[in-house]
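Note sheet for the following structure.
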There are 4 protein chains.
Amino acid sequence: MKKISKTIAASVVRPRPAHSHKGNYGRVLIIAGNHQFGGAAIMNAQAAVQSGAGLVTVATDLTNKTAIHARLPEAMVVNYRDNLAAYVKKADVILIGSGLGDERDVLETCFSAISSEQTLIVDGSALSMMAAFDLALPDASQLVLTPHQMEWQRLSGVAIAEQVNQETNQAALQRLAPTESNTSANNKTPALVLKSEATQVYLKDDVYQLTVGGPYQATGGMGDTLAGMIAGFAAQFAPTSSAVLAAVYCHSAIAEELSQKAYVTLPSKIAEKIPAYMKKLSEE
Amino acid sequence: MKKISKTIAASVVRPRPAHSHKGNYGRVLIIAGNHQFGGAAIMNAQAAVQSGAGLVTVATDLTNKTAIHARLPEAMVVNYRDNLAAYVKKADVILIGSGLGDERDVLETCFSAISSEQTLIVDGSALSMMAAFDLALPDASQLVLTPHQMEWQRLSGVAIAEQVNQETNQAALQRLAPTESNTSANNKTPALVLKSEATQVYLKDDVYQLTVGGPYQATGGMGDTLAGMIAGFAAQFAPTSSAVLAAVYCHSAIAEELSQKAYVTLPSKIAEKIPAYMKKLSEE
Amino acid sequence: MKKISKTIAASVVRPRPAHSHKGNYGRVLIIAGNHQFGGAAIMNAQAAVQSGAGLVTVATDLTNKTAIHARLPEAMVVNYRDNLAAYVKKADVILIGSGLGDERDVLETCFSAISSEQTLIVDGSALSMMAAFDLALPDASQLVLTPHQMEWQRLSGVAIAEQVNQETNQAALQRLAPTESNTSANNKTPALVLKSEATQVYLKDDVYQLTVGGPYQATGGMGDTLAGMIAGFAAQFAPTSSAVLAAVYCHSAIAEELSQKAYVTLPSKIAEKIPAYMKKLSEE
Amino acid sequence: MKKISKTIAASVVRPRPAHSHKGNYGRVLIIAGNHQFGGAAIMNAQAAVQSGAGLVTVATDLTNKTAIHARLPEAMVVNYRDNLAAYVKKADVILIGSGLGDERDVLETCFSAISSEQTLIVDGSALSMMAAFDLALPDASQLVLTPHQMEWQRLSGVAIAEQVNQETNQAALQRLAPTESNTSANNKTPALVLKSEATQVYLKDDVYQLTVGGPYQATGGMGDTLAGMIAGFAAQFAPTSSAVLAAVYCHSAIAEELSQKAYVTLPSKIAEKIPAYMKKLSEE
């Protein structure tokens, strides 16, 4: 198994070309936050914006609008029950699922609207709903799944105790590839970020082990910030597989830095430090 | 009487084990904040999150939701009038009462739903309602009461002037033990944090005197932050009695540090400094 | 004319006695902020809390509640149209008028409820309404008026050009003393903080000139922060006349310090620096 | 083509005269933010306030009120559907259009109410609506347009590829002068801030090239902060043409400074740094 090294991350987070505009850095749509879990949408969005995504729109339960804008005026906010398909079609990268609860209609509308040109990241409640309602992934261009161990068990059927077995996970992952891509299934096998105290990333050919980070990250919302970073990185950097590795690395590397002076590293504090960390990394 | 020393606090706040996840650090449910006193719920929650609780949910008057998320996206927010018993049952630690006003139904629903496996911390308005409506404590595993002197007078019948007498307080405290535990009353005698300018903590066998802190803490909301810290510490550290001592110590020790540069130390500023203070303490 | 010196301010802002609690630092009720000017209530309250008032309650248009709590969980928030008289009666210091618009009922309810044991500070729209509706000051224990020059012209009938004449201002001020105190009018003559680029404070026997501060303070909301500081200081320090001088001094002295690194010194930034400035001052 | 030099900016941002008050620094009305794009109004307002405008009022969709006040109590907030003409008439500088969506009534009400004594800045959605509905500029005293390249194409008919041609842009700009000023069209030709990765400013006689800033600014909301700065500068400094140049310079110069330690420079972070940058500039 390979390590997710700082070298990999630094090869992704390069200085921006002098001649570029926000259109070059992608449109991200975040579909997250039901009426109780609006904080997840905030953490998603804050991480995506701080990562440098060109434009970030949050489709959410409308009762979350004011809190999002109070923290992050850079994000646009729309009602996820109103015309969601149109917002999905305009995005380059869609992140769905953090704090989404059991909003099945929202999930199905999103999956139906996605085209084969777009990147789709599926997190949290969306993964649980996929398992509960037996929903298949749509035929997006790039697919990324970000379950923690229990969500992976639900989605893949691989029990937590068996998740140490890479081949089992890889086989399960291939079965999750969208059926439309059956003839060339390999291409559409999703990337998997399997979150645990020792997070691993499964890409097409390799499995990568995260070796930074620590128990100061064991607090609610940590995954929401990571998902937002993955979306922000995927909007800016290609290929998506490398963007995912870099986001996973940076997320925990920032936490590790913060942990020098903090017993627990809150997700919103990690988000605030993204621009400074990316700047340092881009100069290495 | 023993002092609540830094040594005691440092023996509680130890470095986290490398292999751990948010499930190891507890689910905290905060039931607080009526339609006027939402700030109390915010200060509870901010303190619990910054202390490192694994997951924090706030059950509150719904008009407080946006302000809570605008300050603290890490917390989940639910309506305390809707299905409260279910949220109580899912928690490891329940803190009830800060800014709760006269929401008697909320208090009774909570007390009815608590099981003997859970830790219950009772603060502020909940203590006053217990006195006013003659409500008994439920048979939780661990019980902590956090009155100021007037609330203690109301609850225990011990007049403020007589609260200097430890034995009187201890006797009153034993009478407050849940009736279900009558046969082994001693085990269920609550811990008492008796807040004043010279706060004391009554545990089963001993009384402890706080010797840090000062008049810069004499401002509204100070107790809400302390209650949130006690909840956050109780979710992470055992036994609960030690967690309470450590939280009480850290709260005032942080205030004392801030007071080097502040005439008054606001509760929300104390909360911001918790992770840094706990980190330093964990290295001693 | 005397100068408002740092020596005066330092004689007021003394170290707090070791044995004291929030009850010693006063209950402040702020009645401010109609549906458009909620920012004024926020700035009032932030300044009062940061100044060290024991407890701060804001009575306001309810649409301002969430923004107040999002910035300042230490404040309680109530509806100024619901049971206002009861809140007035419970306060030690009442500040009314910042951003109050034309809420005449609110003003009259407040004036009717005030007793001769309380301190009343009248600011902004409340002063304009007193002039427009010919309302007399109630017979509070201590009265403070904080008009800018145009408001003083409206209230006193003294044209701005004539406000250089101290005796004219003093005579007008005596006419504003509450009629109930006619037999000993001198005692109830209000203190006057006449705000301009060269603010003056009229007390019973003397007129004081402010000599710190500058044009970096020429921005909206500056007076709301000052009014909140006066309320916070009046709640803690006696006599009220000295508390007013100290608050006026500290407000502009903080701005002057900030102006070393800021072209304009925003009211909310001044509020944040109050505890640090008061600490330094208390050590002189 | 001339450069927008630091010298130009420093000649505008001079130390404030000692004797001045907020009336000297202008009343700014910001008309921005429909129900989805409230963040634009926040970024406008934050930039105008931090730039030192005397008074800032935001006319917006009312659902944006709480988020604005939670971030910026210094701003007043009114409903842009209620009595807008009256608010327009009271302002010295009006900025309209950021995040305004398709609120055509709001735009037309504003244009109808503006007098020939006022400064009007037209941004974002207002420019697109002018193109879509063939609306002419009103006869304000000073007119400033702040399109990005696509908005300029829509408004002027000059395709992006042809926007390198200064004379084409200038001719198009003259055609946009308000018809009421036909007899002396030159006087009313708007100033044009043509935003791109190499922003240019067209004034009556000259075209200026911005040479600070960089790709770290390529993120959503950057233009909203710039528009707010232009409004704030135009409220304080004359002539308007110089104020525009100085605002454009300062906006990107602050971003350039921040970029030393940030991969992406968020609009709200730029706004926070305005007072410090203007102070330094005023001392050069």
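The values are calculated or read from the model by the stated rules, or taken from the named source; none is laboratory data. Quick caveat: nothing in here was measured; it's all calculated off a predicted structure. Reconstructed Cβ throughout: ideal geometry from the backbone, glycine too, with neighbour counts over all protein chains shown.
Might you let me know whether the stretch B:214-227 holds any residue that is among the polar types (S, T, N, Q), surrounded by fewer than 23 Cβ atoms within 10 Å (Cβ to Cβ) and not in a loop (DSSP other than H, G, I, E, B)?
The answer is no, given that none of the residues of the stretch B:214-227 is among the polar types (S, T, N, Q), surrounded by fewer than 23 Cβ atoms within 10 Å (Cβ to Cβ) and not in a loop (DSSP other than H, G, I, E, B).
Where residues in the stretch B:111-128 are in a helix (DSSP H, G or I) and among the hydroxyl-bearing types (Ser, Thr, Tyr), which of them is farthest from residue B:156 (Cα to Cα)?
Once the filter is applied, the top-ranked residue is B:112.
Here are D:39, D:52, D:97: which of them is buried (at least 24 other Cβ atoms within 10 Å of the Cβ), more than 11 Å from every other protein chain (Cβ to nearest Cβ) and within 17 Å of the chain's Cα centre (by Cα)?
Result: D:97 is the single residue among D:39, D:52, D:97 that is buried (at least 24 other Cβ atoms within 10 Å of the Cβ), more than 11 Å from every other protein chain (Cβ to nearest Cβ) and within 17 Å of the chain's Cα centre (by Cα).
Output the residues belonging to the stretch D:14-36 that are buried (at least 24 other Cβ atoms within 10 Å of the Cβ), within 14 Å of chain A (Cβ to nearest Cβ) and either in contact with an Asp or Glu (Cβ under 9 Å, 6 or more places away or on another chain) or at pLDDT below 95 (or both).
D:32, D:33
Would it be correct to say that residue B:235 is closer than 21 Å to residue B:141 by Cβ and in contact with an Asp or Glu (Cβ under 7 Å, 6 or more places away or on another chain)?
Against the criterion (closer than 21 Å to residue B:141 by Cβ and in contact with an Asp or Glu (Cβ under 7 Å, 6 or more places away or on another chain)), residue B:235 qualifies.
Report, by residue number, each residue of the stretch C:253-284 that is out of contact with any helix residue (DSSP H, G or I) (no Cβ under 7 Å at 6 or more places or on another chain) and of a type in the set (S, T, N, Q).
C:260, C:282
Determine which member of the set C:187, C:169 is at pLDDT below 95 and either surrounded by 20 or more Cβ atoms within 10 Å (Cβ to Cβ) or assigned to a helix (DSSP H, G or I) (or both).
From the options C:187, C:169, the qualifying one is C:187.
Is it the case that some residue within the stretch C:4-12 is within 14 Å of chain D (Cβ to nearest Cβ), β-branched (Val, Ile, Thr) and either without any contact (Cβ under 8 Å) to a residue 24 or more places away in the chain or within 30 Å of residue D:45 (Cα to Cα) (or both)?
No, the stretch C:4-12 contains no residue that is within 14 Å of chain D (Cβ to nearest Cβ), β-branched (Val, Ile, Thr) and either without any contact (Cβ under 8 Å) to a residue 24 or more places away in the chain or within 30 Å of residue D:45 (Cα to Cα) (or both).
What pairs come out if I take residues in the stretch C:240-251 that are within 16 Å of residue C:3 (Cβ to Cβ) and of a type in the set (S, T, N, Q) and pair them with residues that are surrounded by fewer than 24 Cβ atoms within 10 Å (Cβ to Cβ) and modelled with pLDDT under 95 whose C-beta lies under 8 Å away, six or more apart or interchain?
That search, which allows pairs on different chains as well, returns C:241/C:204.
Would you tally the residues in the stretch C:2-44 being in a loop (DSSP other than H, G, I, E, B) and not hydrophobic (A, V, I, L, M, F, W, C)?
So the count comes out to 13.
Only one of (1) free of Cβ contacts under 8 Å to residues at least 60 places away in the same chain; (2) of a type in the set (Ser, Thr, Tyr); (3) more than 14 Å from chain D (Cβ to nearest Cβ) is not met by residue A:146, so which one is it?
Unmet for residue A:146, out of (1) free of Cβ contacts under 8 Å to residues at least 60 places away in the same chain; (2) of a type in the set (Ser, Thr, Tyr); (3) more than 14 Å from chain D (Cβ to nearest Cβ): (1).
Kindly list, by first and then second residue, each pair from a residue in the stretch C:29-43 that is under 11 Å from residue C:58 (Cα atoms) to a residue that is surrounded by fewer than 24 Cβ atoms within 10 Å (Cβ to Cβ) and of a type in the set (Asp, Glu), limited to pairs with Cβ atoms under 8 Å and residues at least 6 apart or on different chains.
So the pair list comes out as C:33/C:61; C:38/C:61.
Can you tell me which residues in the stretch A:142-166 are more than 15 Å from the chain's Cα centre (by Cα) and assigned to a loop (DSSP other than H, G, I, E, B)?
A:157, A:158, A:159, A:165
Kindly evaluate residue D:218 against the criterion of being at pLDDT below 95 and within 14 Å of chain A (Cβ to nearest Cβ).
So residue D:218 does not fit the description; no.
If a residue has to be out of contact with any Pro (no Cβ under 6 Å at 6 or more places or on another chain), under 20 Å from residue C:239 (Cα atoms) and of a type in the set (A, V, I, L, M, F, W, C) to count, how many in the stretch C:132-143 make the cut?
1
Could you check residue C:194 against (1) more than 13 Å from the chain's Cα centre (by Cα); (2) within 14 Å of chain D (Cβ to nearest Cβ); (3) within 25 Å of residue D:56 (Cα to Cα) and say which number it fails?
That leaves (1) as the condition not met.
For the condition among the small types (Gly, Ala, Ser), at pLDDT 95 or above and in contact with a strand residue (DSSP E or B) (Cβ under 6 Å, 6 or more places away or on another chain), what is the one hit in B:253, B:246, B:227?
After ruling out the rest, the residue left standing is B:227.
Testing residue B:141 on (1) more than 24 Å from residue B:245 (Cα to Cα); (2) out of contact with any helix residue (DSSP H, G or I) (no Cβ under 8 Å at 6 or more places or on another chain), one condition comes back false. Which one is that?
(1)
What single numbered condition from (1) assigned to a strand (DSSP E or B); (2) at the interface with another protein chain (Cβ under 7 Å from one of its Cβ atoms) fails to hold for residue C:57?
Exception for residue C:57: condition (2).
Of all the helices (runs of 4 or more DSSP H) wholly in the stretch D:240-284, which have at least 1 residues that are away from chain C (no Cβ under 14 Å), surrounded by fewer than 24 Cβ atoms within 10 Å (Cβ to Cβ) and among the hydrophobic types (A, V, I, L, M, F, W, C)?
Because the criterion is at least 1 residues that are away from chain C (no Cβ under 14 Å), surrounded by fewer than 24 Cβ atoms within 10 Å (Cβ to Cβ) and among the hydrophobic types (A, V, I, L, M, F, W, C), the helices (runs of 4 or more DSSP H) in the stretch D:240-284 that meet it are D:240-258.
Could you tell me whether the stretch D:109-127 includes any residue that is modelled with pLDDT of 95 or more, closer than 29 Å to residue B:70 by Cβ and either out of contact with any Leu (no Cβ under 9 Å at 6 or more places or on another chain) or within 14 Å of chain C (Cβ to nearest Cβ) (or both)?
No.
Residue C:131 is checked against (1) among the aliphatic types (A, V, I, L, M); (2) over 21 Å from residue C:224 (Cβ atoms); (3) assigned to a helix (DSSP H, G or I) and fails just one. What number does that condition carry?
(2)
Answer yes or no as to whether residue D:47 is in a helix (DSSP H, G or I) and within 14 Å of chain C (Cβ to nearest Cβ).
yes
Taking only the stretch D:58-75 into account, find how many residues are surrounded by fewer than 24 Cβ atoms within 10 Å (Cβ to Cβ) and either in contact with a helix residue (DSSP H, G or I) (Cβ under 8 Å, 6 or more places away or on another chain) or in contact (Cβ under 8 Å) with a residue 24 or more places away in the chain (or both).
Of the residues in that region, 2 qualify.
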